[in-house]
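Here's the structure we're looking at; comments come further down.
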Amino acid sequence: MSMRFEIVTIFPDFFAGFFENGILRRALAEELVAVGVHDLRAFTHDRHRTVDDRPFGGGEGMVLKPEPLAEALASLGIAPKAERLAASQQVSESSGQPFGHPTRTRVILLSAQGRPFTQAMARELATADRVVLICGRYEGVDERINEIYCDLELSIGDYVLSGGELAAAVVVDATMRLVPGVLGNEASSEFESFGVADAEIEIAEDGVPRSQHGAGGLLDYPHYTRPAEFGGLRAPEVLMNGDHAGIRRWRREQQLRKTLTNRPDLLEDATLSKEDRKLLEAIRQESE
Ligand code: SAM
């Protein structure tokens, strides 16, 4: 059964080109993933197809009204979350499944005020049957939609976008590639950014660690390909001489350097060996 994304937006055209390229296009063609885009204005009943109104309490901007959003969700069979929870508890009691979700649906509000979207969250969402993404616009969405329907409020970063569409596209992209079968054999998400912790990667088949970063890990090391010389710079010799132990050491050191420079926060939770700590100390001293 394929996983389905439902996107509720006032700009359905935004997503047109997005489905026509790369992995998502293939996942759609192979029916591993399905996407429905729903025009919020189709759920209005006035001549002007009004989706927004002035904020209570005054202030700048407009707010997306709750009624069209509630209708859009009802058209997708999305009940208020209290009802969904009660229904899933009934099913779990009768089926004996501890966390029985008959259809595992997640309703998400894209919002700058949301919890940060991470690879771990993408991994969790990829296990759902259906992910409903509500794209805000203007000053945002009437908070009662969040309270009544949404399982999660998600932010894709600490900046303010003009709408939730880009954020929804990010969530669809990062999540759908973790749906089983989507990446195929050519690339395994295990060995990507935020894939698995270092300890598990240590046992990579050829003895050379592949990309390893993220929770419990570090940032990736730099990658090089042919030609060996480009723009007056030669690719590191160590990568071209087949010495796996040397490659391994070099990559680890580069990971430590990159992480220290770009994301020192990751070092706090990284799993570091004694040798890593020594290297890190040496790198720190270099820059003093
Ligand atoms: N008044 C809001 C605030 O200060 O948090 C900003 C509203 S923003 C201009 C309009 C819409 O863009 C939001 O309702 C949300 O759907 C989306 N949006 C903006 N920044 C986002 C982010 N970092 N992550 C996810 N969605 C975002």
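Read-outs throughout are calculated quantities, based only on the coordinates presented, and are distinct from any laboratory measurement. Nothing here was measured: the structure is a model prediction, and the numbers come from that model. Ideal geometry is used to build each Cβ from the backbone, glycine not excepted, and the neighbour counts take in all protein chains shown.
Brief remarks follow.
- Within the shell defined by Cβ-Cβ distances under 13 Å, the residues around Arg4 carry a net charge of 0, with Lys and Arg each +1 and Asp and Glu each -1.
- The simple spin-label model puts a point 7 Å past each Cα toward its Cβ; for Gln89 and His48 those points are separated by 4.3 nm.
- When you filter the chymotrypsin sites (Phe, Trp or Tyr not before Pro) in segment 131-162 for DSSP loop state and at most 10 other Cβ atoms inside 10 Å of their Cβ, you are left with Tyr159.
- For segment 1-97, the list of chymotrypsin sites (Phe, Trp or Tyr not before Pro) that fall in a loop by DSSP and count at most 15 other C-beta atoms within 10 angstrom reads Phe56.
- Spin-label model distance (nm) - Ala282 vs Glu237, 7 Å beyond Cα toward Cβ: 1.7
- Taking each residue as 0.36 nm, the span from Ile23 to Ser273 lengthens on full extension beyond its C-alpha to C-alpha distance by 86.4 nm.
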